[in-house]
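The block underneath contains the structure these notes are about, expressed in structure tokens.
Taken together, the values in this text are just the output of simple stated rules run on the coordinates, not laboratory data. All of these numbers come straight from a predicted model, not from anything done at the bench. Virtual Cβ from ideal backbone geometry, glycine too; neighbours counted across all protein chains shown.
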């Protein structure tokens, strides 16, 4: 196993991801010695949470650290890498899911070894992310073996699984992650909107629905998404789907488009699992096709 206890680790970018990852690395015994940020205040605030860590300029982080994680917003990764003079032999790694490692080309030209280290996790709440990072998957991309081994060793120290990506695959990988993260937010937001139609409160909806969500996720983890699919479509229950469509049309027709699209995918999965036959699938698709034409543009709403 690659030794990582001697590495001086720095972060450039002091946002939510860095607040979680830097602190977890420190908790696990790694030496996080420097934080850089466009905001000196933010860099010092994060550094103050870490033993032996100092807030400094981005260039100074590059000058003093062996492994530098660039944790800026995606649009700033290339500009940040381009603005720094890198020492040959240092490890320079960004933590974006969608951005190609080639965005660090300037660092490679200067002689650094470049790579990607993306935790497949939400960082909306850094404190919560620290608790949930262990056990998550970290996607590692590095062509040079020394850097690859180092990043894998760090992921294992954090009790994370390792996923490897070939060059060019990051946008699709990140899109896949989006289906399992922000789209869930959309679905629960819409569920809460429907819940409010009879006077229910958004927080009541989320409280009521979360056990259902957790149960669904547990079934998916055990059986996979196709075999564990619940709901009326998976049973061939055309009457219930028709009732949903009528109720949504009466309450908020703008929701019919997404409902119809999701149900149509459910029909395919129910057929794949063998739980409905061709005739049931055709009847459901005909119903959903008509519903899709009744939808109206969705206005901006909040709950």
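Given only helices, namely DSSP H runs of n ≥ 4 each adding -39500 (n - 2.57), what is the per-residue ellipticity at 222 nm of the chain, to the nearest 500 deg cm²/dmol? Walk me through the numbers before you get to the answer.
Working: 14 runs with 158 residues, N = 303.
Result for the chain, helices only: -16000 deg cm²/dmol.
Relative to the longest principal axis of the Cα atoms of the chain, the long axis of helix 145-157 lies at roughly 60 degrees. Pairwise Cα separations in the range 8-169 fall into 5 Å bins from 0 onward with the following percentages, short to long: 2, 10, 21, 25, 23, 15, 5, 0. Restricting to bridges with both residues inside the range 8-169, how much of the DSSP beta-bridge set is antiparallel, in percent to the nearest 5? In the range 8-169, DSSP labels about 15 percent of beta bridges as antiparallel.
Diffusion of the chain by Stokes-Einstein, at 10 °C in a medium of 1.306 mPa s and with Rh set to the Kirkwood radius over alpha-carbon pairs, works out to 72 µm²/s.
When a footprinting reagent is the concern and you count Cβ atoms within 10 Å, what order do 181, 96, 51, 122 take, fewest first?
The order, fewest Cβ neighbours first, is 51, 181, 122, 96.
Could you work out the relative contact order of the range 8-169, using alpha carbon pairs under 8 angstrom and six or more residues apart, expressed as a whole percent? All intermediate terms of the calculation are to be shown ahead of the outcome.
Working: 341 pairs, mean separation 30.1, N = 162.
Averaging sequence separation for qualifying contacts and normalising by length gives 19 percent for the range 8-169.
Across the chain, C-alpha contacts under 8 Å between residues 6 or more apart give a mean separation that, scaled by the residue count, equals a relative contact order of 11 percent. To the nearest ten degrees, helix 278-293 and the longest principal axis of the Cα atoms of the chain are 80 degrees apart. Based on Cα contacts under 8 Å between residues 6+ apart, the range 158-303 shows a relative contact order of 22 percent. With the convex hull of its Cα atoms as the shape, the range 73-141 has an orientation-averaged projected area of 5.0 nm². Relative to the longest principal axis of the Cα atoms of the chain, the long axis of helix 182-195 makes an angle of roughly 40 degrees.
Exposure proxy for 279, 45: other Cβ atoms within 10 Å of each Cβ, ordered fewest to most, give 279, 45. The Rg/Rh ratio for the range 151-236 is 1.09, where Rg is the radius of gyration of the alpha carbons and Rh is the Kirkwood radius.
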